[in-house]
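**Student:** Here's a structure for you.
The values are calculated or read from the model by the stated rules, or taken from the named source; none is laboratory data. Model, not experiment: these values are computed from the prediction. So basically every Cβ, Gly included, is an ideal-geometry build from the backbone, and we count neighbours across all protein chains shown.
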Amino acid sequence: MKKQTVSLLVLLLAASGFFFSCGNTVNKNAYALEFDSIQVNETVHLFGDTAKPACNLILNVAYASQSSDVRLKDSLNTFFLSACFGDKYMAMTPEEAVKKYTEKYVGDYRNDLEPMYKKDEQDKEDEESIGAWYSYYKGIESHVQLCNTLILTYRIDYNEYTGGAHGIYMSTFLNLDLKTLSPIHLGDLFEGDYKEALTNIVWAPLADGLNSLSLSANWMWPCRSQKGEDARLYSAVKALSEFCLALKVNVPTGKDSLSLTQQYPNGEKIIAPGTVIVSAGGEVSDIRKVVSPVLVNDKNSSLYHIDFSFDEQRLGGSAFAQSLGFVGDDVPTVKNPEYFADCFNAVQEMIEKGWIMAGHDISAGGLITTLLEMCFANTEGGMHVNLHNLAGNDIIKMLLAENPGVVVQVSDKYKEEFKEYMEENGIGYAKIGYPTPTERTIVIKKDEYTHTFDIDALRDTWYKTSYLLDRDQSFNGCAAKRRDNYKKQPVEMQFHPSFKGSLESYGISADRRTASGIKAAIIREKGTNGEREMAYSLYLAGFDVKDVMMTDLITGRETLEDVNMIVFCGGFSNSDVLGSAKGWAGAFLYNPKAKEALDKFYARKDTLSLGICNGCQLMVELNLINPDHEKRTRMLHNDSHKFESNFLGVEIPQNKSVMFSSLSGDKLGIWVAHGEGKFSLPESEDKYNVVARYNYAEYPGNPNGSDYNVAGICSADGRHLAMMPHLERAIFPWQNAWYPADRRQDDVTPWIEAFVNARQWIEKQ
């Protein structure tokens, strides 16, 4: 978990302290800095016609307005403007830069799209189709997030959406030491980050424990930029190297960018902070044994703290310190790498034995954040925690220090074996508490100190950071709806009685190596990314699968004559820039051989088709589902006007479809990932063969605002199905973000049944 994510929570947990957040208008003693902002909210329609599509540009640019040192003010603004808009604007005043950028963005929008829109307006007969095309949004919001006598942190949130499945979202942080006017080097401050990669991955049972792991190190460093930078890089690499050698963990891959310095024409040099990002990977022996971080509300269990660091509790570099406007120079580390390895492998062994019910690493925010996060995903239950067995007497350090370690939940039926194992292997541990299933609080005790933490209230605090960012990105009040509903829309699963969860029950095998003779084709365009999961789902269900690119159809190399099922898979297609797969549809409509192959396929009576995500958009755009309807179905932008990615619940109503009819009455979990997933259904609900609905009418349970909560529709004869969510990414229990604990041994989820139904139907033709 990143430190900025938990800083707000940690601040409210602190007993005392202060936090200087400059916002947009502050006056600090250091250099007498004052900040202000320039705001733009401009909507511009094509051809100046409010009835036509528009682009929306939102800017909120913070800049240094006053300083006792004019050079400092000008240097900061050069830095800020370059980061916000690009190098060509850095020599301008903030007012000039905002004005010029706005003019250029609007001009480019009109120049690029007006000719295309005019042509489409001439070619299309359907006014609704034209109106759904180009919808642009761009937002750049910057603000001074932190400013005191020591540090200035400038944050830029950037988002852009130009149609299709995905928008672009990113945040950039610029950190300056105001005493030396030099960048802050994060690699010097947070040298424990690479240990967090290991304590994060410890919950997956690795094939050979710690020996299974490899690390990837990404170094971003301004080498040769100023005195000391090369030495700092050397020190950071040496520290990681020595730690990995001690653990016998290799670092076979990574990336280095060692020129993070920009020299401007006025001679000014901007230096990015030195940063190292370490990730860990390894072979998992049994994915079904991966331990969840969510507390199990079982009163007959206990919570144990295992310290991996063998070090004193220290607050330097912690989220707590940063929340108070400090960094500190006394950071926790791993004193004994051999002991760290012993702890790691001990947790691995206990996972293999099945002793650990839940587990969470201690990282950003310390122990209290770990305990709270173990409870957040539940709607009931809490903890009673007593820290009397932990070393030390400073309650703040106990709760907020970020020494590498873990908290594990162990069933009381294994407590004697657990204690004996830990003592035999020389692993230090301490029992710190137990679940309280009927209480929604965490009670912390240490000697005379007692405090009760309200889990639900702090969960709202924890979520607030996401809401504040979302508020500037989402439209139609969706940010507030997400905030209000995030804890009111649990995923529900309900399986039909005949579902056994085994491959054998469906007569299928993952070890099949012979052809079945039932052929399916994956049809994809450049940029799609869902073809592998879809191909495997079809293969597992008994299909022989072939890969078909649009160029195969356009050239005539593929005719689909020997294929009984086609699937238009999802992903980020390059044709999406034209809106809801219009570009992909054009490849069929305006290439004679591709159109002929498609027309002949749909004219046959022994064929099935499935479109997912972009493929759903394509089938709707080609009018393949309800060609007889007077008013056409459309796929529109999500109500939030942003890309939605989530794991949520859908229900399968009574329906007449080849693939989904046997699933009627089921409630299943599924992934969504789209920007234009709203079903616009102009006819009455009874005119559609609905095969899937979102479980909730309100956002974000209904992630796009689809009419009638629809997630998927099917042709009247039940053969051709268009669906936005990705069922192919949820056919295994371990692919689901949540799956019933009592069914974790299932081989497959009910979603595989849809593919088996398709194969069996074709066999009967």
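**Student:** Mind listing just one residue for me: the one in region 501-536 that is touching a helix residue (DSSP H, G or I) at 6+ places or on another chain (Cβ under 7 Å), of a type in the set (V, I, T) and part of a loop (DSSP other than H, G, I, E, B) and, of those, nearest to Q745 (Cα to Cα)?
**Tutor:** So, considering only residues that are touching a helix residue (DSSP H, G or I) at 6+ places or on another chain (Cβ under 7 Å), of a type in the set (V, I, T) and part of a loop (DSSP other than H, G, I, E, B), the one nearest to Q745 (Cα to Cα) is I508.
**Student:** Are there any pairs, at least 6 apart or on different chains, whose C-beta atoms fall under 9 Å, with the first in region 246-267 and closer than 23 Å to M90 by Cβ and without any contact (Cβ under 8 Å) to a residue 12 or more places away in the chain and the second assigned to a strand (DSSP E or B) and hydrophobic (A, V, I, L, M, F, W, C), and if so, which?
**Tutor:** Q263/I270
**Student:** So S225 ticks every box in (1) surrounded by 13 or more Cβ atoms within 10 Å (Cβ to Cβ); (2) among the hydroxyl-bearing types (S, T, Y); (3) out of contact with any Asp or Glu (no Cβ under 9 Å at 6 or more places or on another chain); (4) modelled with pLDDT of 85 or more but one. Which box is left unticked?
**Tutor:** Result: S225 fails condition (4) only.
**Student:** Only one of these is within 25 Å of E685 (Cα to Cα) and at pLDDT 95 or above: I612, I566. Name it.
**Tutor:** On inspection, the qualifying residue turns out to be I612.
**Student:** Okay, moving on. Considering only region 457-475, state which residues are part of a helix (DSSP H, G or I) and farther than 29 Å from I442 by Cα.
**Tutor:** The one that is part of a helix (DSSP H, G or I) and farther than 29 Å from I442 by Cα: R471.
**Student:** Filter region 479-519 for residues that are farther than 28 Å from N646 by Cβ and among the aliphatic types (A, V, I, L, M) and give the result.
**Tutor:** Result: L503, I508, A510, A515, I518.
**Student:** Taking only region 139-164 into account, find how many residues are closer than 19 Å to I58 by Cβ and either modelled with pLDDT of 80 or more or over 24 Å from the mean Cα position of the chain (by Cα) (or both).
**Tutor:** The number of residues fulfilling the criteria is 13.
**Student:** Something else about it: Out of the residues in region 77-97 that are under 20 Å from L33 (Cα atoms) and free of Cβ contacts under 8 Å to residues at least 40 places away in the same chain, state the one that is nearest to the chain's Cα centre (by Cα).
**Tutor:** L81
**Student:** Inspect all residues belonging to region 606-617 and state whether any of them is within 30 Å of K488 (Cβ to Cβ) and touching a Cys at 6+ places or on another chain (Cβ under 8 Å).
**Tutor:** Checked region 606-617: at least one residue is within 30 Å of K488 (Cβ to Cβ) and touching a Cys at 6+ places or on another chain (Cβ under 8 Å).
**Student:** Looking only at region 436-472, which residues are free of Cβ contacts under 8 Å to residues at least 24 places away in the same chain and farther than 30 Å from E160 by Cα?
**Tutor:** E448, T450, H451, T452, D454, A457, listed by residue number.
**Student:** Same structure again: Out of (1) part of a helix (DSSP H, G or I); (2) out of contact with any strand residue (DSSP E or B) (no Cβ under 6 Å at 6 or more places or on another chain); (3) modelled with pLDDT of 70 or more, what's the single condition that is false for D188?
**Tutor:** (3)
**Student:** Then there's this: Tell me which residues, restricted to region 598-619, are part of a helix (DSSP H, G or I) and either on the phi > 0 side of the Ramachandran plot or buried (at least 24 other Cβ atoms within 10 Å of the Cβ) (or both).
**Tutor:** N614, G615, C616, Q617, L618, M619
**Student:** Which helices (runs of 4 or more DSSP H) does region 289-407 wholly contain that include 3 or more residues that are free of Cβ contacts under 8 Å to residues at least 60 places away in the same chain, polar (S, T, N, Q) and in contact with a Gly (Cβ under 6 Å, 6 or more places away or on another chain)?
**Tutor:** So the answer is none; nothing clears 3.
**Student:** Scan region 245-293 residue by residue and report those that are under 30 Å from T436 (Cα atoms) and touching a strand residue (DSSP E or B) at 6+ places or on another chain (Cβ under 6 Å).
**Tutor:** Answer for region 245-293, where residues must be under 30 Å from T436 (Cα atoms) and touching a strand residue (DSSP E or B) at 6+ places or on another chain (Cβ under 6 Å): V291, S292, P293.
**Student:** Still on this structure, I have one more. Mind listing just one residue for me: the one in region 76-107 that is touching a Lys or Arg at 6+ places or on another chain (Cβ under 9 Å) and among the aromatic types (F, W, Y) and, of those, farthest from C55 (Cα to Cα)?
**Tutor:** Filtering first and then ranking leaves Y89.
**Student:** If you scan region 476-495, which residues turn out to be touching an Asp or Glu at 6+ places or on another chain (Cβ under 7 Å) and in a loop (DSSP other than H, G, I, E, B)?
**Tutor:** N476, F495
**Student:** Let me ask another. If a residue has to be closer than 20 Å to G359 by Cβ and in a loop (DSSP other than H, G, I, E, B) to count, how many in region 269-282 make the cut?
**Tutor:** 1
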